[in-house]
Amino acid sequence: MTAERTQKSIFLFWLPLAATWLMMSVEGPFLAAVIARLADPRFNLAAYGVAFAFALLIEAPVIMIMSASTALAEDRLSFKRLRTFIYTLNGVVTGLQLLILIPPVFRFIMLDLVAIPQEVADLAYWALWILLPWPGAIGYRRFFQGILIRDGRTRKVALGTGIRLITMASSGLLLFFLVRPPGAWLGAASLSLGVLAEALASRFMAGVSVRKLLNTERDHEEPNVLEKRNPRQELTYRRIWRFYYPLALTSMIGLAAQPMMTFFMGRATAPVESLAVFPVVASLTFVFRSMGLSFQEVGIALMGRNHEHFRPLARFAMVLGLLATGGFALVALTPLAGFWFETVSGLSPDLARFALLPTAILVPLPFLSVLLSFQRGIMVVSRNTRPITVATALEVAGIAIIFPILGWKLGVVGVTAAAVSILLGRVAANTFLMAPCRSSLVPSQ
């Protein structure tokens, strides 16, 4: 293919996945805006942020399932074994959430360990109960979305997310106008209903792709996806585990950063304001980071086993990262920021002022997110997933070191200290992955 044709084909493959992440990025600002217009917005925004952070941490082991099914679901046997592996994993993470919801366990984590205010903890407890279907539904839909991506049907993935967004928004508005529950509970209910609808839609739309896999026997003349040097080795549960556990650890370590920052902000300057503002800032940042998050599966699907399409993908990633960060800067560094936080998100002027500086600090993050997704895609295609875990551990370690220095020793406002530590931690992760990515690409250069 010519470079021009490659760029076009990458764009057409990526666009529905970008739309998927962009639609998901709308959830946070939408729900934050609704919660801000209900009673006790500070406590409810804080409680929603805490419950969502813990729900994300619990679902961490299933987040990389989409990458796994995109990379490994090649035939009937691999599909069935992946399905069994993933369904088991879904059951484990749901059981973990039930364990956390045992009242003494919950009180120890939230009041003794994280030290959030009692009013916030009470609201967050029932929000986590409402989010109980979340982790299993996420794992289920990401498995079938990976099957769709591998089959080149990325538009179906976007359609499923559209169904999720419509379900989330309509249920949120109905609850707002008809029931008016506490805002944290409304947000949790809307998220749960939306992801359940997306999971069912993804399974239905993947029917054709699943039937193709069930009718495909592995070609023993081709190298196995995990063991290139031995063409006769099949995809066993042991090999699935060896491939997947570094990815699961990556998500678990990475998502541990949110509850960790909740813990840090609860003990820093202006704790309630920081806890209330942080999910709003994170939601706005996620809108532009979503461009990069959508690129990981693109890299896995299109890179080629020998990284033969690395160069056109790298050019695409560079342009994408610059555009994403430029768009974020246009909002974060201009009066549009005040309009977003006060008019769109519904924050009070005092809370909006808390949000301005951390948002400006995070301007480079969308570019770094594109780079990280591209780097991860290279490592997954190389079947070398362990450096991804190490990079994420370095990122979280950076946050764990930098935040206490800024927030506790120097008295920086909690949400601002969080923004600085997030940015520097990401730089550390990107820097670490450069060497293993370069080593993986050497044979194909």
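Each reported figure results from applying straightforward, stated rules to the coordinates on display, with no laboratory input. In this text, all values refer to a predicted model and were calculated from it rather than measured experimentally. Here Cβ is always computed from backbone atoms with ideal geometry, including for glycine, and neighbour counts include all displayed protein chains.
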Seminar exercise, completed: At q = 0.23, 0.24 Å⁻¹, the log10 of I(q)/I(0) for the stretch 1-60 from a Debye sum over equal Cα scatterers comes to -0.94, -0.98
Problem set entry | Whether the stretch 104-227 is rounded, prolate or oblate, judged on the alpha carbon gyration tensor where a/c under 1.5 counts as rounded | oblate
Exercise. Between the stretch 135-149 and the stretch 161-200, how many Å separate their Cα centres?
Worked result: 19
Problem set entry | GNM flexibility winner over the chain from 403, 85, 341 (Cα, springs under 10 Å) | 85
Problem set entry | Alpha carbon centroid spacing (whole Å) that separates the stretch 342-389 from the stretch 75-108 | 27
Seminar exercise, completed: With a ≥ b ≥ c from the Cα gyration tensor eigenvalues, square-rooted, and the rule rounded for a/c under 1.5, otherwise prolate when a/b > b/c and oblate otherwise, the stretch 253-356 is oblate
Seminar exercise, completed: Taking every other residue with Cβ under 13 Å from the Cβ of residue 364 and scoring Lys and Arg +1, Asp and Glu -1, one gets +2
Seminar exercise, completed: Expected sort for 303-312, 23-32 on mean C-beta neighbours within 10 Å, highest first, is 23-32, 303-312
For this session: Treating each Cα of the stretch 13-98 as an identical point scatterer and ignoring solvent, apply the Debye formula and state log10 I(q)/I(0) at q = 0.11, 0.18 Å⁻¹.
Result: -0.49, -0.97
Problem set entry | Likely footprinting exposure, 204, 374, fewest C-beta neighbours within 10 Å first | 204, 374
Problem set entry | Quarter of Cα convex hull surface for the stretch 159-204, i.e. mean projection, nm² | 2.7
Problem set entry | Ranked list, fewest to most other Cβ atoms within 10 Å of each Cβ, for 76, 289 | 76, 289
For this session: Could you state the angle between the C-alpha long axis of helix 118-130 and the longest principal axis of the C-alpha atoms of the chain, as a value from 0 to 90 degrees rounded to the nearest 10?
Result: 30
Problem set entry | Taking all pairs of distinct alpha-carbon atoms in the stretch 48-102, Kirkwood radius in angstrom | 12.4
Exercise. Counting other C-beta atoms within 10 Å, which of 140, 48 has the fewest, and how do the rest follow?
Worked result: 140, 48
Problem set entry | Spatial separation of Cα centroids for the stretch 262-340 and the stretch 22-65, in angstrom | 16
Problem set entry | Residues listed by number, the stretch 186-212, amide nitrogen under 20 Å from residue 122 label point at 7 Å toward C-beta | 186-189
Problem set entry | Mean projected area in nm² (Cα convex hull; one quarter of hull surface) for the chain | 20.1
Seminar exercise, completed: Quick note, the stretch 293-409: a/c under 1.5 would make it rounded; otherwise a/b > b/c is prolate and the rest oblate (a ≥ b ≥ c, C-alpha gyration tensor); here it is oblate
For this session: Could you calculate the contour length gain from residue 360 to residue 267, that is, 0.36 nm times the residue separation minus the distance between their Cα atoms, to one decimal place in nm?
Result: 31.2 nm
